[in-house]
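Notes follow once the structure below has been shown.
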Amino acid sequence: MTSTLTRFEPRLAPCGSQADGEQVVTEDLQGLITRDLRFSCGCQTHHEEYHDGSVHNQVVNHRGRVLVDEELRGE
């Protein structure tokens, strides 16, 4: 399993403000990939790609409100 942590420049956060933050990407080298963006304002996005091709996306603003929570099934 590998994990990479990188900082990113200000971009549009889920709350609509410009914020910098960090991105964490984790891979198990068998097809599972997790990508988390944590904005300095407190907003977060979570993207997970599973071995079977399914995808889970979740977007939460800095007040804890879930804006997107979707799961797309693979084959």
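Under the condition of being in contact with a Gly (Cβ under 9 Å, 6 or more places away or on another chain) and over 15 Å from Asn57 (Cβ atoms), which residue from the range 12-38 is surrounded by the fewest Cβ atoms within 10 Å (Cβ to Cβ)?
That would be Gly31.
Hey, could you check the range 50-70 for residues that are modelled with pLDDT under 95 and within 20 Å of Thr4 (Cβ to Cβ) and say which is most open to solvent (accessible area, probe 1.4 Å)?
His51
If we keep just the residues of the range 1-32 that are at pLDDT below 95 and hydrophobic (A, V, I, L, M, F, W, C), which is farthest from Gly64 (Cα to Cα)?
Leu29
Any residue in the range 13-28 that is without any contact (Cβ under 8 Å) to a residue 60 or more places away in the chain sitting within a Cβ distance under 7 Å of a residue that is among the acidic types (Asp, Glu) and open to solvent by 50 Å² or more (accessible area, probe 1.4 Å)? List the pairs, counting only those 6 or more apart or interchain.
Matching pairs, first to second residue: Asp20/Glu9.
Given the conditions (1) exposed (fewer than 11 other Cβ atoms within 10 Å of the Cβ); (2) at pLDDT 95 or above, which single one is not true for Arg73?
Condition not satisfied by Arg73: (2).
The values are calculated or read from the model by the stated rules, or taken from the named source; none is laboratory data. All values derive from a computational prediction rather than experimental measurement. Because the Cβ atoms are built from the backbone with ideal geometry, glycine has one as well, and the counts that use them run over all protein chains shown. Side chains are part of the model used for accessible areas, which takes the heavy atoms of the whole protein and leaves out ligands, DNA and RNA. Shrake-Rupley method; radii C 1.70, N 1.55, O 1.52, S 1.80 Å.
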